[in-house]
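The values are calculated or read from the model by the stated rules, or taken from the named source; none is laboratory data. None of the values given here were measured: they were computed from a predicted structure. All Cβ positions, glycine included, derive from the backbone under ideal geometry; neighbour counts span all protein chains shown.
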Amino acid sequence: MSRRRRRAMAQMNVVPYIDVMLVLLVIFMVAAPMMQPGVVNLPSVGKAETPPAAPLEVSIDAKGELTLRDPEGKSNERQLALDELVSRIKDRLAAKAERPVVISADKNVKYEAVMKVMDRLQREQIARVGLLVRPEAK
């Protein structure tokens, strides 16, 4: 009696899975246009009575020299030390504490110099400190 052993079939039939996927695809294609997008009712606000304050601009040139420019005060000051710069910014912010301070630096200035100025301003409790950049031309 020679009986042959049956081997286990090592193939997987994927046809039923394809059928299920096609049925789901048809269901979603039919149901998607019927769905209504959610409507968000946004609150409305009036226009601000006062225009936003022009920011104080701290410039760092290629040599690492600091300059403070105040568009409202129409003043340019050259070569300030970091301590003097901070005290002048604090004086100007005493009248308008909500004015932002932006740092503009030459692209050849080390990142460390920019972060040193930004860190010092933030440690002196100047809350609104940012970086000024030029957008790329398209």
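Quick rundown of the values:
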{"item": "Residue in region 80-129 that is surrounded by the fewest Cβ atoms within 10 Å (Cβ to Cβ), counting only those that are over 21 Å from the mean Cα position of the chain (by Cα) and of a type in the set (V, I, T)", "result": "V109"}
{"item": "Boolean, V86 is in contact with an Asp or Glu (Cβ under 8 Å, 6 or more places away or on another chain), among the aliphatic types (A, V, I, L, M), in contact (Cβ under 8 Å) with a residue 12 or more places away in the chain and under 16 Å from P55 (Cα atoms)", "result": "yes"}
{"item": "Hey, L132 in contact (Cβ under 8 Å) with a residue 24 or more places away in the chain, surrounded by 10 or more Cβ atoms within 10 Å (Cβ to Cβ), farther than 18 Å from A62 by Cβ and aliphatic (A, V, I, L, M) or not", "result": "no"}
{"item": "Tally of residues being among the charged types (D, E, K, R) and either surrounded by fewer than 14 Cβ atoms within 10 Å (Cβ to Cβ) or modelled with pLDDT under 75 (or both) across region 66-79", "result": "4"}
{"item": "Subset of region 29-60 [surrounded by 10 or more Cβ atoms within 10 Å (Cβ to Cβ), modelled with pLDDT of 80 or more and of a type outside the set (S, T, N, Q)]", "result": "A54, P55, L56, E57, V58, I60"}
{"item": "Of all residues making up region 84-134, the number that are in contact with a helix residue (DSSP H, G or I) (Cβ under 8 Å, 6 or more places away or on another chain) and in a helix (DSSP H, G or I)", "result": "7"}
